1. Suppose we keep just the DSSP beta bridges with both residues in the chain; what percent of those would be antiparallel, to 5?
2. Charges only on Cβ, +1 for Lys and Arg, -1 for Asp and Glu: so what's the dipole of the stretch 1-150 about the Cα centre, in debye to the nearest 20?
3. Which value does Rg/Rh take for the stretch 1-79 over its C-alpha atoms, Rh per Kirkwood?
4. Take the Cα of Lys139, step 7 Å along the line toward its Cβ, and report every residue of the stretch 87-113 whose backbone nitrogen sits under 19 Å from that point.
5. So what is log10(I(q)/I(0)) for the stretch 5-253 at q = 0.12 1/Å, when the Debye sum runs over its Cα atoms only?
6. Considering only protein heavy atoms, what per residue accessible area in square angstrom results for the stretch 10-137 with a 1.4 angstrom probe?
7. Enumerate the calculated ³J(HN,Hα) couplings along the stretch 39-47 in order (Karplus 6.51 cos²θ - 1.76 cosθ + 1.60, θ = phi - 60°), each rounded to whole Hz, writing x wherever the residue is Gly or Pro.
8. For the stretch 179-249 and the stretch 1-52, write down the distance between their C-alpha centroids in whole Å.
Amino acid sequence: MKFTKAIVKTPCVNMIKGLSTANLGTPDFELALKQHEQYIKALETCGLEVTIMEPDNSFPDSTFVEDTAILTPECAIITNPGAQTRKGETKEIKNALTGFFNNIEHIQNPGTVDGGDVMMAGSHFCIGLSERTNDVGAKQLIKILERDGFTGSTVRLEKFLHLKSGVAYLEDNNMVVTGEFTDNDAFRKYNLLKVDDKEGYAANCLWINDFVLVAKGFPTTKELIEYAGYKTIELDVSEFRKLDGGLSCLSLRF
Ligand code: CIR
């Protein structure tokens with residue numbers, strides 16, 4: 001598979017009021033902007049044409065665009081984010097995606113889905129059941145996926161905020177896993193690259209066209225991924241980590 005485009009959204013000043021369980025302090029907004037610029041450059045290095053949406057101060061977490069839509073080769077599915085303060089983010093994302101997708105679907109109440117809980121692995125989609133994504137939402141999503149010839153299955157989360165906080169598919173059957181996903185039946189058929197809990201944050205890495213973006217400061221994980229044959233690009237995302245966010249959350253790729 002190959003991605004050609006990405007959508008990102010510049011962090012807003014209010015990001016400092018974003019949802020967080022990280023206990024790592026308040027993000028430095030100026031530094032977050034710089035890190036976001038570097039992130040965009042990395043996407044371009046991977047060959048993507050990047051659409052940059054304007055910041056929106058009404059939604060502190062709106063830079064984490066991944067949660068608001070699921071993109072397949074057949075359609076865009078606008079989610080219904082599980083956090084009350086994030087539901088309104090979908091309107092602008094839908095506008096942005098309308099220019100690229102003819103077929104746009106929606107997850108509807110009482111179903112909720114955060115895109116961070118949805119991982120595409122070939123033609124199969126793993127869906128995390130979390131505090132943000134419920135059974136009803138997952139069922140709606142699977143119905144849309146099956147209509148288009150894909151498959152979907154669910155994995156119940158215990159500790160992680162999102163599925164992709166602890167697992168990343170790197171294509172070619174390779175999957176990075178950490179924490180509660182290290183020994184989970186759902187992922188046994190993949191070639192697992194196991195990340196130690198000490199570097200658990202770095203499991204949220206991002207495959208794009210043979211490159212893998214890796215969070216800066218996790219040398220063992222970087223080595224593990226390079227040893228598996230990938231070129232890595234290290235990026236500092238410290239200010240997004242303070243809001244429980246990471247590399248995958250900051251873009252939609254298609
Ligand atoms: C939130 O709690 O919704 C944001 N502070 C972080 C979202 C991170 N998104 C992701 O992992 N896909």
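The values are calculated or read from the model by the stated rules, or taken from the named source; none is laboratory data. Quick caveat, the model's predicted, so the values are computed rather than measured. Every residue, glycine among them, receives a Cβ derived from its backbone with ideal geometry; neighbour counts consider all protein chains shown. Note: areas computed on protein heavy atoms with side chains; ligands, DNA, RNA excluded. Shrake-Rupley method; radii C 1.70, N 1.55, O 1.52, S 1.80 Å.
1. Counting DSSP beta bridges with both partners in the chain, the antiparallel share is about 40 percent.
2. Computed charge dipole of the stretch 1-150: roughly 160 debye.
3. Ratio of gyration radius to Kirkwood radius for the stretch 1-79: 1.00.
4. From the stretch 87-113, the list is 106-113.
5. -0.63
6. For the stretch 10-137, the solvent-accessible area averages 44 Å² per residue.
7. 4, 4, 4, 5, 4, 5, 4, 7, x
8. Between the Cα centres of the stretch 179-249 and the stretch 1-52 lies a distance of 17 Å.
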